[in-house]
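Taking it in order: structure first as structure tokens, then the write-up.
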Amino acid sequence: MENRLTSLFNDKSSDILNVYFTAGHPALEDTATIIQYLSDAGVDLIEVGVPYSDPMADGETIQRSSSIALKNGMTLQTLFRQIKTARAEVSLPLILMGYYNQMLQYGIERFLQDCQESGVDGLIIPDLPMGIYERDYQELFDQYNVKMTFLITPETTEDRIRQADALSSGFIYMVSKSSITGSASDISDSQQAYFERIAAMDLKSPRLIGFGIHDKSTYQTACANSHGAIIGSAFIRALEGDDSLENKVKGFIGKIR
Amino acid sequence: MSQYQVDESGFYGEFGGAYIPEMLHSNIEHLKNNYLKLIYEDKFQEEFQALLKDYVGRPSPLYYAKRLSEKYGAKIYLKREDLNHTGAHKINNTIGQILLAQRLGKKRIIAETGAGQHGVATATVCALMGIECIVYMGKIDIARQAPNVARMRMLGAEVRPALSGSQTLKDATNEAIRDWINNPEDTHYIIGSVVGPHPYPDMVARFQSVISEEMRWQLQEHEGTELPDYIVACVGGGSNAAGAYYHYLDEPSVKIIAVEAAGKGIDSGESAATSVLGSMGIIHGSKTLLMQTEDGQIVEPYSISAGLDYPGIGPQHAHLINSGRAQVYSATDEEALASVLELCRLEGIIPALETAHAFAVLDKMEFKKDDIVIVNLSGRGDKDLATFTEYLNQQSGEQKTDQ
Ligand SMILES: Cc1ncc(COP(=O)(O)O)c(C=O)c1O
């Protein structure tokens, strides 16, 4: 079967909306329900955060959602069960974003196998170095048809951007500025210049811009400069409101596009 | 090249490396490519050595502890890092790193701290150089190490509470890393121990290696040999231990003893005995031994001593332990407290709670009469007086009920 992430990027090359949320938050069994509502609301791609005790690159919002998910009893086995349940109902690509230690302890091959079996199309592991992926894991990822995404930032050198482009099999994650997740400011001139610099590089991989994308305006700016945008913390904050889960999900996406 | 030192790719055997998100890459890469060149420049070494001598007060004495020796039946020497300016070994590293930060053109310093000793040592060198200083400290540690919080503030540093996770050293480190991600250009992160991504463990060990460099000639003066039979040090992240071992790692006759904090007991569920309870994984950008669940979630450690309350150890120590070069002991809260009192009463020295863990294992080891043992007295105990007073009161209460 063709990888759903590959199909998505074959079919669509602009205004791709990727929404991130933390599995097991607000309630343990909300994972599959949120995936269903996001799919109903028409998002293109879902990035499921695997809650971690020490999420080094994440701001307060994702730290909080992660620790709530862990308190709720989230585990990797539970997550794969939930993904399987969701996968029976939705056909959009699903990717997981987690930290290297989680996969290392679970066993990388076992993790990839469970990805394939439950219907996960790709992974983002921000603290896995490119060199180690290439040396130890690239073949395994290919074997299990799981796509990999690497991050670049405004400080990433041209050589490394080319390396990330060559090694990424899903898309390139353009971190919008030097920061942890969760900021909510407007796009600055220097960010705009960075977006244009990368766009002019003629990379083979599709580019999605994330970190700090929090409303319609920042979403549109990101889309105008790449293939699409990733929204995380702002969506998680919306999930923490008072309404029904369905209204919170659909209300938030409705305000973005 | 020693098999116990870092290799070209940043590993100690299978431990070490730099498992960091891309946001940290340019700073770490720059540091990695420049640290050796910068710290071995003549001008750097001149300044570093002058500050160690005139500002820190080095060399720190190697003191023959007569009454302690009598009690344990060996020749016990104490390496008096407690006599350094600011009261611990931590300043050896912060002097080195502030000189490095200046050469890297950084205008703002961040640090994490557990016991507050590293925070104080960082605040001190920042005051000395007129550089802005922000110290992250777990909320729980802020409460249990109040004197050091006051000292940092006196020195002009801003102490920011780490409110996430267990609110101790691990979380203060997370917060410092997040700050660095947000401020990559003007900021240098002064890590306080031999932990974190390569090149930090090696860099910090080099700055602390002055401890064993002095031990060699000092022991020669005392005993006519540079080589002790044992070197004993407590291990939180492991910087005082790394400095005390550094110039002895390739001397097989010198036995290396690392002491971890057992908290309320190794099997009590409230412990920080990382090498016993831990397994290989990634913490703060380094592959090392750490306390974690099956799912790779980092376990919150416990020790009465804020400086040892850390769920990992430096990658070099993981390698020394796994390869059998170092032997690990542990000491409980109670044993450490008893050792504090013993050192006070036998030698007139009040050690830090962290340091006391090292002394607590003397009782568990078997010595021959002529064995030379060096205990690294990593810091002084002024910061822990509140804890000690409570212990004393409890002790005298127990004595009264005994009568
Ligand atoms: C006096 C003293 N000894 C030891 C330690 C533990 O750190 P390390 O293992 O890096 O020497 C600390 C940490 O705060 C300390 O203050």
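What the table shows:
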| read-out | value |
| --- | --- |
| Residue in the range A:196-214 that is assigned to a helix (DSSP H, G or I) and not hydrophobic (A, V, I, L, M, F, W, C) present | yes |
| Residues within the range B:38-85 that are small (Gly, Ala, Ser) and without any contact (Cβ under 8 Å) to a residue 24 or more places away in the chain, tallied | 2 |
| Scan of the range B:293-326 for residues that are aromatic (Phe, Trp, Tyr) and either within 14 Å of chain A (Cβ to nearest Cβ) or touching a Phe, Trp or Tyr at 6+ places or on another chain (Cβ under 9 Å) (or both), ordered by number | B:Tyr310 |
| Single match in B:Ala338, B:Ala356 (criterion: within 13 Å of the ligand (Cβ to nearest atom) and aliphatic (A, V, I, L, M)) | B:Ala356 |
| Which numbered condition B:Thr187 fails, given (1) away from the ligand (no atom under 16 Å from the Cβ); (2) more than 14 Å from chain A (Cβ to nearest Cβ); (3) β-branched (Val, Ile, Thr) | (2) |
| Residue ranges of strands (runs of 3 or more DSSP E) in the range B:204-320 with at least 1 members away from the ligand (no atom under 16 Å from the Cβ) and touching a helix residue (DSSP H, G or I) at 6+ places or on another chain (Cβ under 8 Å) | B:279-283, B:286-290 |
| Qualifying residue in the range A:216-235 (condition: at pLDDT 95 or above and within 14 Å of chain B (Cβ to nearest Cβ)) | yes |
| Selected residue (criterion: nearest to B:Asp382 (Cα to Cα)) from residues of the range B:87-98 that are buried (at least 24 other Cβ atoms within 10 Å of the Cβ) and within 11 Å of the ligand (Cβ to nearest atom) | B:Ala88 |
| Count of residues meeting criterion [touching a strand residue (DSSP E or B) at 6+ places or on another chain (Cβ under 8 Å) and of a type in the set (Phe, Trp, Tyr)] in the range A:66-123 | 2 |
| Filtered residues of the range B:44-60 (kept if surrounded by fewer than 17 Cβ atoms within 10 Å (Cβ to Cβ) and of a type outside the set (A, V, I, L, M)) | B:Gln45, B:Glu46, B:Glu47, B:Gln49, B:Lys53, B:Asp54, B:Tyr55, B:Gly57 |
| Per-region count, the range B:99-118, residues more than 16 Å from the ligand (Cβ to nearest atom) and surrounded by 24 or more Cβ atoms within 10 Å (Cβ to Cβ) | 2 |
| Exclusive hit being more than 16 Å from the ligand (Cβ to nearest atom), acidic (Asp, Glu) and buried (at least 21 other Cβ atoms within 10 Å of the Cβ), set B:Glu22, B:Glu41 | B:Glu22 |
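Conditions (1) crowded, with 18+ Cβ neighbours inside 10 Å; (2) within 14 Å of chain B (Cβ to nearest Cβ); (3) in contact with a Pro (Cβ under 9 Å, 6 or more places away or on another chain); (4) without any contact (Cβ under 8 Å) to a residue 60 or more places away in the chain, marked per residue:
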residue: A:Gln82; (1), (2), (3), (4): yes, no, no, yes
residue: A:Gln105; (1), (2), (3), (4): yes, yes, no, yes
residue: A:Leu112; (1), (2), (3), (4): yes, no, no, yes
residue: A:Gly122; (1), (2), (3), (4): yes, no, yes, no
residue: A:Met130; (1), (2), (3), (4): yes, yes, no, yes
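Table: residues versus (1) of a type in the set (Lys, Arg); (2) buried (at least 23 other Cβ atoms within 10 Å of the Cβ); (3) away from chain A (no Cβ under 14 Å); (4) closer than 14 Å to B:Gln117 by Cβ.
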position: B:Pro147; (1), (2), (3), (4): no, no, yes, yes
position: B:Ala150; (1), (2), (3), (4): no, no, yes, yes
position: B:Arg160; (1), (2), (3), (4): yes, no, no, no
position: B:Leu163; (1), (2), (3), (4): no, no, no, no
position: B:Gln167; (1), (2), (3), (4): no, no, no, no
position: B:Asp171; (1), (2), (3), (4): no, yes, no, no
position: B:Ile177; (1), (2), (3), (4): no, yes, no, no
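The values are calculated or read from the model by the stated rules, or taken from the named source; none is laboratory data. Bear in mind that the values here come from a model prediction, so they are computed numbers and not experimental data. A quick note on method: Cβ atoms are made from the backbone with ideal geometry, for glycine too, and the neighbour counts reach across all protein chains shown.
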